[in-house]
Amino acid sequence: MRARYGVPLGITAVGAAGLVYAAGFEVRSFRLRRVTVPVLPRGMRPLRVLQVSDIHMVSGQRKKQRWLQSLAGLRPDFVINTGDNLSDPEGVPETLDALGPLMEFPGAYVFGSNDYYGPKPRNPARYLLEKASGKHGLNGNPPVVGAIHNPWKELRDAFDAAGWVNLSNARGRLKLDDVEIAMTGLDDPHIKRDRYGEVAGGPESDADLSLAVVHAPYLRVLDAFTADRYPLILAGHTHGGQLCIPFYGALVTNCDLDARRVKGLSTHHAAGHTSYLHVSAGCGTNRYTPVRFACPPEATLLTLTPPTP
């Protein structure tokens, strides 16, 4: 009997241990990723950009709140929030409390689908089915019925009051002492709110640096930004795959971006041009799938520099 049932029981035990680790430890094992990106004109001083993404705040997540508050100690030159702040219609006050110290710095933001709509329970296998079919979010799928609406306007108003620039299908600027940063952003492509025609035209020639910002890194958006010659695109949404296989990586990206670029710094090529792309793995999860495996929650401090000689 031991020979017959030992292997299945062993597999079950390993699976249970993995679930305990993913739900009990790694999902709260917050990390800071540090990346250097050579996109500044020669002679400019380095700029430190803190990117936060996919917070998915749920009431009661005190450790996440404290960790986000602590990031203000990095003293970034500015902050970029790439969306999906909420995973709870009641989570706005705690999100703003967590981000409060960061809102003392110059910043800009775009929203993701979870800022607008509350999550529903979902079979994780659907992500694999969507990958196989090439349909993600509202891109090829029918409209959502009975969606829960989040109080995103309260979030927007607080960000705006703090001086953060709303880049949802908009352009904006940050003035940092002697440096002028121009930014172009889109609303979330995952729910087909992106309107590139409203912001097309490429970097602004009188700015020291132009950045592109979007929540979900769909290829149509990356192609457009790259063809318009933006040197750097910042995005989130993917959760880094969330449940990854050690020594292999992510199985899904929840969009049409390839898994090889699911998180971190890479490049994107379109129309004969190349842009740097940074995808944050984010620091949260959907409230109904509160697990991470081989993909710790994160924020990123990007140091922008001139290219090396």
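Please tell me if Val144 is aliphatic (A, V, I, L, M), under 30 Å from Gly172 (Cβ atoms) and modelled with pLDDT of 95 or more. Against the criterion (aliphatic (A, V, I, L, M), under 30 Å from Gly172 (Cβ atoms) and modelled with pLDDT of 95 or more), Val144 does not qualify. Among the residues of segment 64-97, those that are among the small types (Gly, Ala, Ser) and under 22 Å from Ala216 (Cβ atoms) comprise Gly83, Ser87, Gly91.
Does Ala108 satisfy the condition of being of a type in the set (A, V, I, L, M) and either open to solvent by less than 10 Å² (accessible area, probe 1.4 Å) or assigned to a loop (DSSP other than H, G, I, E, B) (or both)? Spelling it out, Ala108 is indeed of a type in the set (A, V, I, L, M) and either open to solvent by less than 10 Å² (accessible area, probe 1.4 Å) or assigned to a loop (DSSP other than H, G, I, E, B) (or both).
The helices (runs of 4 or more DSSP H) located wholly in segment 1-103 that include 3 or more residues which are open to solvent by 50 Å² or more (accessible area, probe 1.4 Å), modelled with pLDDT of 95 or more and out of contact with any Lys or Arg (no Cβ under 6 Å at 6 or more places or on another chain) occupy 62-70.
Does at least one position in segment 142-162 carry a residue that is closer than 28 Å to Leu102 by Cα, open to solvent by 30 Å² or more (accessible area, probe 1.4 Å) and of a type in the set (Gly, Ala, Ser)? Yes: segment 142-162 contains one or more residues that are closer than 28 Å to Leu102 by Cα, open to solvent by 30 Å² or more (accessible area, probe 1.4 Å) and of a type in the set (Gly, Ala, Ser).
Of all residues in segment 225-244, one or more are more than 12 Å from the chain's Cα centre (by Cα), crowded, with 23+ Cβ neighbours inside 10 Å and of a type in the set (Val, Ile, Thr). The set of residues in segment 116-145 that are at positive phi and under 19 Å from the mean Cα position of the chain (by Cα) contains only Gly137. In this structure, Thr274 qualifies as modelled with pLDDT of 95 or more and open to solvent by 40 Å² or more (accessible area, probe 1.4 Å). Only one of the numbered conditions (1) free of Cβ contacts under 8 Å to residues at least 60 places away in the same chain; (2) touching a Cys at 6+ places or on another chain (Cβ under 8 Å) is violated by Leu99, and that is (2). Tell me the residue from Asp208, Asp194, Asp188 that is within 27 Å of Leu304 (Cβ to Cβ), charged (D, E, K, R) and in contact with a Gly (Cβ under 7 Å, 6 or more places away or on another chain), please. Matching residue, one of Asp208, Asp194, Asp188: Asp188. Among the conditions (1) out of contact with any helix residue (DSSP H, G or I) (no Cβ under 8 Å at 6 or more places or on another chain); (2) over 27 Å from Val291 (Cα atoms); (3) open to solvent by 10 Å² or more (accessible area, probe 1.4 Å), Leu222 misses just one, which is (3). Being touching a helix residue (DSSP H, G or I) at 6+ places or on another chain (Cβ under 9 Å) and either crowded, with 21+ Cβ neighbours inside 10 Å or modelled with pLDDT under 95 (or both) is the filter here, so list the residues in segment 292-309 that pass it. Residues satisfying the conditions are Arg292, Cys295, Pro297, Glu298, Ala299. Taken residue by residue, segment 173-186 has at least one member that is of a type outside the set (Ser, Thr, Tyr) and closer than 24 Å to Gly91 by Cα.
Confirm whether Tyr116 is touching a residue at least 24 places away in the same chain (Cβ under 8 Å) and open to solvent by less than 40 Å² (accessible area, probe 1.4 Å). Spelling it out, Tyr116 is indeed touching a residue at least 24 places away in the same chain (Cβ under 8 Å) and open to solvent by less than 40 Å² (accessible area, probe 1.4 Å).
When you look at Ala216, is it in contact (Cβ under 8 Å) with a residue 12 or more places away in the chain and open to solvent by 30 Å² or more (accessible area, probe 1.4 Å), yes or no? So Ala216 fails the test.
The values are calculated or read from the model by the stated rules, or taken from the named source; none is laboratory data. Remember, it's a predicted structure, so these values are computed and weren't measured experimentally. Positions of Cβ are generated from backbone atoms using ideal geometry, with glycine treated the same way; all protein chains shown enter the neighbour counts. We work out accessible area using only protein heavy atoms, side chains counted, and drop any ligands, DNA or RNA first. Shrake-Rupley method; radii C 1.70, N 1.55, O 1.52, S 1.80 Å.
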